[in-house]
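The values are calculated or read from the model by the stated rules, or taken from the named source; none is laboratory data. A quick note: this is a predicted structure, and the numbers were derived from the prediction, not measured. Cβ: placed from backbone, ideal geometry, glycine included. Neighbour counts: every protein chain shown. What goes into the accessible areas is simple: the full protein's heavy atoms, side chains included, and nothing from ligands, DNA or RNA. Shrake-Rupley method; radii C 1.70, N 1.55, O 1.52, S 1.80 Å.
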Amino acid sequence: GPALVSALFSGFVAEGLKNGIDVGLSTTPACFMTTITKETNCDAGVMLTASHLPFNRNGMKFFTKQGGLDSEDISQICTAAAKRCKETPGGHPVSVPDVDGNVAISGVVCSEYLLTHYSKML
C-alpha cells in the first residue's frame, strides 16, 4: 500500500521527477487516461496492482501516451534498475507514510483522478 507508493515516488524523485500525481485508488483505464487528458497530461503512468488474481500476477502496470509497455520495454526498465541498484548500494531515502497513509514527497501531489475520469463519461 502506502509504503510501496512512497518507495516508488521516492525513486522517481531521486532520478529527477519534477511533477508527479498520486491518483490513489483507480482503474486501469483511468490510470492510462492520465497520460492523454489535458488536465493531467502525464508523460507516463505506473499502476500498483493487487486484485482477485493470485499474488504472482500482481505487480505494476506501465503506461505511456502510446499505451501499455511491452515485455521488451519492461525488460529494459528492469535491467536499468538492476544496474542502478548495483551502482547505488542501499538505494535512496524513502519517505515514511504517516498514520493515515499520507506521504509528503517533493513534486508529488495527490489527486482522486478516478472521479474526474468517470465524470467525463457521463
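Might you check whether a residue that is farther than 15 Å from Val5 by Cα, open to solvent by 90 Å² or more (accessible area, probe 1.4 Å) and modelled with pLDDT of 75 or more occurs anywhere in the range 95-116?
Among the residues of the range 95-116, not one is farther than 15 Å from Val5 by Cα, open to solvent by 90 Å² or more (accessible area, probe 1.4 Å) and modelled with pLDDT of 75 or more, which makes the answer no.
I need the strands (runs of 3 or more DSSP E) fully contained in the range 1-72, keeping only those with at least 2 residues that are surrounded by fewer than 17 Cβ atoms within 10 Å (Cβ to Cβ) and either without any contact (Cβ under 8 Å) to a residue 60 or more places away in the chain or in contact with a helix residue (DSSP H, G or I) (Cβ under 6 Å, 6 or more places away or on another chain) (or both).
In the range 1-72, 44-49, 59-64 are the strands (runs of 3 or more DSSP E) which contain 2 or more residues that are surrounded by fewer than 17 Cβ atoms within 10 Å (Cβ to Cβ) and either without any contact (Cβ under 8 Å) to a residue 60 or more places away in the chain or in contact with a helix residue (DSSP H, G or I) (Cβ under 6 Å, 6 or more places away or on another chain) (or both).
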